[in-house]
Amino acid sequence: DEDMRFKQREKKMGHLVIFVVDGSGSMGAQRRMVETKGTVQYLLLDCYQKRDMVSLIVFRKDKAEIVLPPTSSVETASRRLREIPVGGKTPLSAGLLETHRLIKRVTVKSPETRFLVVLVTDGRANQSVSGLPVSEEIEKMTRLLSESRFTDYIVIDTENKGRFMTTDLALTIASALGADYYTIDNLKADSLTDIVR
C-alpha cells in the first residue's frame, strides 16, 4: 500500500467579498458610495481570472437590498452600480441580517467559500426591522454573524468623531465580530481598496 501513488484534485477555495454599505442620509452617503463603487470595480478587475466574487448590500430607509448579487462579471457590476439611491433612515440591523442570509445561501451552494464582509457605516442606527429596540436587534444580528464559518470582517467607521455626541456603535460591532476596525481618518485616497486587498 505504501508504494501506491494516485492523483487527487485539490478544490480551490473561492472568496466572496461582501460590501455592506450604509446608504442613509446621516453619513454623507453619496461620497462614501462613490468610494465604495470604485473599490468594487477595482476588485472585480483584480479577481477577473480567479473564482473570487464581489457583492454589494445597501441598507437605507427601512430595509436592506442586495444591489449587486455575487458576481465576477465587470459588465454586470458596472450596470448594477450605476444608479444606487441614497438617503433616509439607518436600518443597520437589516443590513447585518441580509448579510447573514447571503452567507448562508452561498454556503449551501459552495461550502468551501471564504467570506470577507466589509461594513461601511457611521453606526447611527435609528430604524428597527423587527419591533425590538435597535440596540438589542443589532446585538442579535451581530451574534448571528459571529457564528459564520470561514468569514472575516472589516468595519469602516465613518462617524464624525469631532462631534460632542458620538455613538461608537461601529466600534462595538467590530469588537463583537473580531473585525479589523478603521475610522474615516484611515481612509485616504484609494486606501479602502488597499485595506480590502
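The values are calculated or read from the model by the stated rules, or taken from the named source; none is laboratory data. Just so it is clear, the model here is predicted, and its values are computed rather than measured. Heads up, the Cβs are rebuilt from the backbone with ideal geometry, glycines too, and the neighbour counts pull from every protein chain shown. Surface accessibility is based on the protein's heavy atoms, side chains included, excluding ligands, DNA and RNA. Shrake-Rupley method; radii C 1.70, N 1.55, O 1.52, S 1.80 Å.
Structural remarks
- When we screen 77, 94 for residues that are crowded, with 17+ Cβ neighbours inside 10 Å, aliphatic (A, V, I, L, M), at negative phi and at pLDDT 80 or above, the only hit is 94.
Results for (1) among the acidic types (Asp, Glu); (2) touching a residue at least 40 places away in the same chain (Cβ under 8 Å), shown as yes or no for each residue.
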| residue | (1), (2) |
| --- | --- |
| 46 | yes, yes |
| 105 | no, no |
| 127 | no, yes |
| 134 | no, yes |
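- Of the criteria (1) within 14 Å of residue 119 (Cα to Cα); (2) in contact with a Ser or Thr (Cβ under 8 Å, 6 or more places away or on another chain); (3) at pLDDT 70 or above; (4) in a helix (DSSP H, G or I), which one residue 32 fails: (3)
- Of residues in the range 35-72 being modelled with pLDDT of 85 or more and among the basic types (Lys, Arg), the one farthest from residue 124 (Cα to Cα): 63
- The number of residues in the range 143-161 being closer than 24 Å to residue 87 by Cα, of a type in the set (S, T, N, Q) and either modelled with pLDDT of 85 or more or open to solvent by 70 Å² or more (accessible area, probe 1.4 Å) (or both) comes to 1.
- Residue list for the range 52-73, restricted to those being open to solvent by 20 Å² or more (accessible area, probe 1.4 Å), more than 14 Å from the chain's Cα centre (by Cα) and under 14 Å from residue 42 (Cα atoms): 52, 72, 73
- Scan of the range 102-142 for residues that are open to solvent by 60 Å² or more (accessible area, probe 1.4 Å), of a type outside the set (A, V, I, L, M, F, W, C) and more than 27 Å from residue 89 (Cβ to Cβ), ordered by number: 109, 111, 114
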